[in-house]
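The values are calculated or read from the model by the stated rules, or taken from the named source; none is laboratory data. If you're wondering where the values come from, they're calculated on a predicted model, not measured in any experiment. Glycine gets a Cβ as well: all are built from the backbone with ideal geometry, and neighbour counts include every protein chain shown.
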Amino acid sequence: MQKEETGGKSVSEVVKNIIFSRPSILDCIKMDVINFSMVADLIAPEVEKEIGKKVNRDAIKMAVIRTREEVKKSESNKFEESIIKIIQNSKLELKNEISLITLDVHMAKEKLSKIIEVFDKSRFVQITQGVGSITITSDSDTYKELKNYFDPKEIKEEINEQSAILLISPREIVNTPGVVSFIVDSLFREGVNITQIVSCYTDTILIVNREDALRAYSVLEKLILKFRKNQTE
């Protein structure tokens, strides 16, 4: 087994890490629609950069084949059917005119009572707390009112012209790995950037640019309908 002289990494280890970081290659391996020699040629420059020297293509090819066997035995494959079932039983909602405002966590907590009062009149609101900041995602009217409680210097960031896509799923999503990853990957393949993603029990909330909202909604709707159609056939 070929080892890197300085770091001690094997070709197999490097190849495996590369493949698991490339969803498109990983999908092809799972579906058995892959040419091992072509994959070896494709990732060879990256493998050699990681190893630090030239690597025989046959060694890379054999590492790809070994990775394929590992992928086939992976626990993640066991959840694929569950993921499909959850998505086909999910529902979508789209909310436009969404804005995000990020505040210092201490400053936000000082004015928490006033913020909560605004929420009572809100049609959509979501709070995400990080280490030193709080992001409030809300409808534009709520956002405008919230801004009145803060000095511009207290606001870390504002993002407007957003939309919220809500994926409302069955209870099983809580204990099933990979559902959110599957959704995000589907949008990534269509070039949709996700400004923010939040999970709230059975709801998955995706914040996207308003210009991408209809395309993102369509991607997820087609996915749901496709899986429902496959269920009835």
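If you go through region 85-128 and pick out every residue that is among the charged types (D, E, K, R) and part of a helix (DSSP H, G or I), you end up with 5.
Do we have Lys121 as out of contact with any strand residue (DSSP E or B) (no Cβ under 9 Å at 6 or more places or on another chain), in the same structural domain as Thr176 (by TED's automatic domain parsing), basic (Lys, Arg) and farther than 30 Å from Pro170 by Cβ here? Yes. Of Ile98, Ile25, Ile19, Ile83, all but one fail to be at pLDDT 95 or above, crowded, with 18+ Cβ neighbours inside 10 Å and closer than 24 Å to Val179 by Cβ; the exception is Ile98.
One residue stands out among those in region 129-169 that are hydrophobic (A, V, I, L, M, F, W, C) and outside any strand (DSSP E or B): the one that is farthest from Ile194 (Cα to Cα), which is Phe150.
Here Val64 fulfils each of the conditions (1) surrounded by fewer than 17 Cβ atoms within 10 Å (Cβ to Cβ); (2) farther than 30 Å from Ala164 by Cα; (3) out of contact with any Lys or Arg (no Cβ under 8 Å at 6 or more places or on another chain) apart from (1). Screening region 23-84 for helices (runs of 4 or more DSSP H) wholly inside it with 2 or more residues that are touching a His at 6+ places or on another chain (Cβ under 6 Å) returns no ranges.
Restricting the first member to region 207-233 and to residues that are under 18 Å from Ser99 (Cβ atoms) and crowded, with 17+ Cβ neighbours inside 10 Å, and the second to residues that are small (Gly, Ala, Ser) and modelled with pLDDT of 95 or more, the beta-carbon pairs closer than 6 Å and six or more apart or on different chains are Ile207/Ala164; Val208/Ser163; Val208/Ala216; Ala213/Ser163. Taken over region 117-139, residues that are surrounded by 11 or more Cβ atoms within 10 Å (Cβ to Cβ) and more than 28 Å from the chain's Cα centre (by Cα) amount to 3.
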